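Student: Structure incoming, see below.
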Amino acid sequence: MFGLLALLTASVFFGAAIYINVAEQPARLRLDHRALLAEWGPAYRRGFEMQASLAIISGLLGAAAWWQSGNPLWGLGAAVIILNWPYTLMLIMPINNRLETTPPDQASEETRELIMRWGKLHAGRSALGAVAAVIYLIAAFDGMPG
């Protein structure tokens, strides 16, 4: 049961992350500088809360599945989904901090470039979610009676 829940939460994480890259980011980039930054702030905060929670929950569930089954694939999936935390803290957070301290009325082309870079880096989070979900899926099939 832990493994299936790990797979489910990693899949939801991936779905949310890819939605940001495929739908939300392109839509926000059509806005003027000021509206772009004004939209990015609340969207980022809500997305962070959801995705951070999903990564932790999925990682803990994957670790529990590993402990319960002894199948190291569950542990590998857990490690991959948890990698979103250091990836975000080291690569994305410096951009977040710059964007969060920029008042919307001071948004500029540099702001747009930062948000475009943020989107490219966020695609890495999408990739980590996809990889974790695939590893969990393989682990789930690996544990099925043959």
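Just so it is clear, none of the values below were taken in a lab; they were calculated from the coordinates. Only a predicted model underlies this, so the values are computations on that prediction, with no experimental measurement involved. Using ideal geometry, Cβ is built from the backbone for each residue, glycine included, and neighbour counts are taken over all protein chains shown.
Student: If you stretched the chain out fully between L8 and R98, how much longer would it get, using 0.36 nm times the residue separation minus the C-alpha to C-alpha distance?
Tutor: Going from the current span to full extension adds 29.1 nm.
Student: Rg(Cα) of the chain divided by 2.2 N^0.38 Å?
Tutor: 1.18
Student: Would you compute, from DSSP H runs of 4+ residues alone, the mean residue ellipticity of the chain at 222 nm, taking -39500 (n - 2.57) per run and dividing by the full residue count, rounded to the nearest 500?
Tutor: -26500 deg cm²/dmol
Student: Hey, another quick one. Kindly write out, for segment 43-53 in residue order, the coupling ³J(HN,Hα) from the Karplus curve 6.51 cos²θ - 1.76 cosθ + 1.60 (θ = phi - 60°), rounded to whole Hz, with x marking Gly and Pro.
Tutor: With coefficients 6.51, -1.76 and 1.60, one gets 5, 4, 4, 5, x, 4, 4, 5, 6, 4, 5 Hz.
Student: Between Q106 and M90, what is the label-to-label distance in nm when each label sits 7 Å out along the Cα-to-Cβ direction?
Tutor: 3.0 nm
Student: Sort V131, V80 by Cβ crowding within 10 Å, fewest neighbours at the top.
Tutor: If I rank by nearby Cβ atoms, fewest first, I get V131, V80.
Student: Could you tell me the calculated FRET efficiency between K120 and F141, based on Cβ-Cβ distance and R0 = 41 angstrom, to the nearest 0.05?
Tutor: With R0 = 41 Å, the Cβ-Cβ based efficiency is 0.80.
Student: Using a Förster radius of 25 Å, what is the FRET efficiency between V134 and R46 based on their Cβ-Cβ separation? Nearest 0.05, please.
Tutor: That pair, V134 with R46, gives E of 0.40.
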